[in-house]
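*Asks:* Take this structure first; my questions come after.
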Amino acid sequence: MKILALTNLFPPHHAGTFDIHCQTVTDALRLRGHTIRILTSSHGLRSEMRDGEVERRLLLNGMYEHPLVTKVADMKAIELQNNQALLETIQEFQPDVVQVFSLNGISKSLIFTLRNSRVPTVYDVYDHWLSANVAEDPWLRFWNAPSLGFMESSTRTALEMSGERGRLDVTAPTRMMKGYERIPALYGDAKARAAAGMNSIAGFRFDRMYFCSQALKTLTEQSGFCIGHAEIIHPCIPAPSFIGEIKPTSVPMTRFLVVAQLNKESGVMTALKALKIVRAAKINATMSIYGKGTSEYIASLRTFVISNQLPVEFLGVSNLKNDLPAIYKRHDVLLHTPEWAEPFPFTPLEAMACGIPVIGSTAGGAEELLRHGENALTFPPGDENQLAYRIQEMQISPALRCQMAEAAQQEVLSKFNDSTVIDQIENFLNVSQETWAHNT
């Protein structure tokens, strides 16, 4: 099968988050004999680059340190560039299916171009680009908002009356089709959006789609998109790279690890406050923190550590992908502390494969992975007292800790290994192609 993967970022020019997922999937599909072409942004480069397998031609707008462009002429230039790049790649590559990954920061008009191309299209949704970022797309907002400022409204009216919108729908689409002139459920005021309700936005259609978690799917439905038919395919990790031995009951659990993007939503400050509580209770515990983040937040963490004289080490980050197996295995327990609707947590999967027990918050998709007392200990997001209690519980219950670690490791190896999950994705792509051919 010839698969065109469409994504906003692609390694080595990536953000170290869900954009690595595209590489994981496409590398695995290529090893299975599929022919892969990647169309992504020129992020990290001074100009576009085409090398056969990866085409870095798309322009980002308003994300990953790229300025937000809102002037109509400038937005039009970006939209024309991105849609032309997509159509040229489809024409040249002739894919059997297009697999769309994250479109954060990328023209959402590509959704309409893909639909008009009539190429079988599958949406692999692993982050909030659909539930949140489509509503922020400046091009679609300009054309589909029920009301605009006086100057913007005058410009839009003139362009529509001159027929320019209809012409643009061919080269830089503004809507799914004529008749969808405005989308108040997405681009209206707060009252209009709140009144829309679940599965109410008819201006977008996604025939074949899967999400990384039920939590992300539900959130996207609540945003108004009609995606009730979408399936769930949980993410995978390269389990053999992480597999490790579970520490026996005789080993004390004193070395705690946090792996996170270091920002306010990460909950790392909650972890530090919990460490302060257990240390005040004369409990031996140290902590290591691994991750990149904002300088202001990291400074606040370091200030808290110093002022409270906590035994905390900030680990240097050299290679997010290659460093982690060894880092996990040097520690006793992973603290997973997010305080936001994380689509699905990867770090607990990696720690579980290593045989490292997990204490995790129940935010977002973590609820679908972490089961308290079975494969992990859990606590409410942002609750340092409950987290401190779980740290103590992990230390004083070695038999339970080993039992949970064993159950977690077996679950990851059986359900979240790359072979099992890629089987599901490959089957979804095959069925999508067959269904598309049958319906056309």
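*Asks:* Among the residues of segment 377-396, write down those that are assigned to a strand (DSSP E or B) and within 20 Å of Thr249 (Cα to Cα).
*Replies:* Scanning segment 377-396 gives a single hit, Leu377.
*Asks:* Val122 - would you say it is closer than 18 Å to Phe101 by Cα and part of a helix (DSSP H, G or I)?
*Replies:* Answer is no for this residue.
*Asks:* Then there's this: Could you list all residues from segment 245-259 that are in a loop (DSSP other than H, G, I, E, B), closer than 12 Å to Asp332 by Cβ and either within 32 Å of the chain's Cα centre (by Cα) or not assigned by TED's automatic domain parsing to the domain that holds Pro357 (or both)?
*Replies:* The answer is Ile246, Lys247, Met253, Thr254.
*Asks:* Can you give me the number of residues within segment 6-58 that are within 14 Å of Val100 (Cβ to Cβ) and acidic (Asp, Glu)?
*Replies:* Total satisfying the criteria: 1.
*Asks:* Based on this model, can you work out whether Asp74 counts as over 20 Å from the mean Cα position of the chain (by Cα), under 28 Å from Gly166 (Cα atoms) and not β-branched (Val, Ile, Thr)?
*Replies:* Values: over 20 Å from the mean Cα position of the chain (by Cα): yes; under 28 Å from Gly166 (Cα atoms): yes; not β-branched (Val, Ile, Thr): yes.
Yes, satisfied.
*Asks:* Evaluate the following for Phe304: is it part of a strand (DSSP E or B) and at pLDDT 95 or above?
*Replies:* For Phe304, the condition - part of a strand (DSSP E or B) and at pLDDT 95 or above - is not met.
*Asks:* Quick check on segment 353-363. Is at least one of its residues in a helix (DSSP H, G or I), modelled with pLDDT of 95 or more and over 19 Å from the mean Cα position of the chain (by Cα)?
*Replies:* Taking every residue of segment 353-363 in turn, at least one turns out to be in a helix (DSSP H, G or I), modelled with pLDDT of 95 or more and over 19 Å from the mean Cα position of the chain (by Cα).
*Asks:* Continuing with the same structure: Can Gly224 be described as modelled with pLDDT under 95, outside the structural domain of Asp124 (by TED's automatic domain parsing) and either surrounded by fewer than 23 Cβ atoms within 10 Å (Cβ to Cβ) or over 30 Å from Thr294 (Cβ atoms) (or both)?
*Replies:* no
*Asks:* Only one of (1) crowded, with 18+ Cβ neighbours inside 10 Å; (2) not in a helix (DSSP H, G or I) fails for Glu79. Which number is that?
*Replies:* Unmet condition: (2).
*Asks:* Here is a further query. Just to be sure I understand, how many residues within segment 165-198 are touching a Phe, Trp or Tyr at 6+ places or on another chain (Cβ under 7 Å) and over 19 Å from Ser153 (Cα atoms)?
*Replies:* Result for segment 165-198: 1.
*Asks:* For segment 88-100, indicate whether the set of residues that are farther than 30 Å from Arg156 by Cβ, in a strand (DSSP E or B) and without any contact (Cβ under 8 Å) to a residue 40 or more places away in the chain is non-empty.
*Replies:* No - not one qualifying residue is present in segment 88-100.
The values are calculated or read from the model by the stated rules, or taken from the named source; none is laboratory data. All values derive from a computational prediction rather than experimental measurement. Note: ideal-geometry Cβ built from the backbone for every residue, glycine included; neighbour counts use all protein chains shown.
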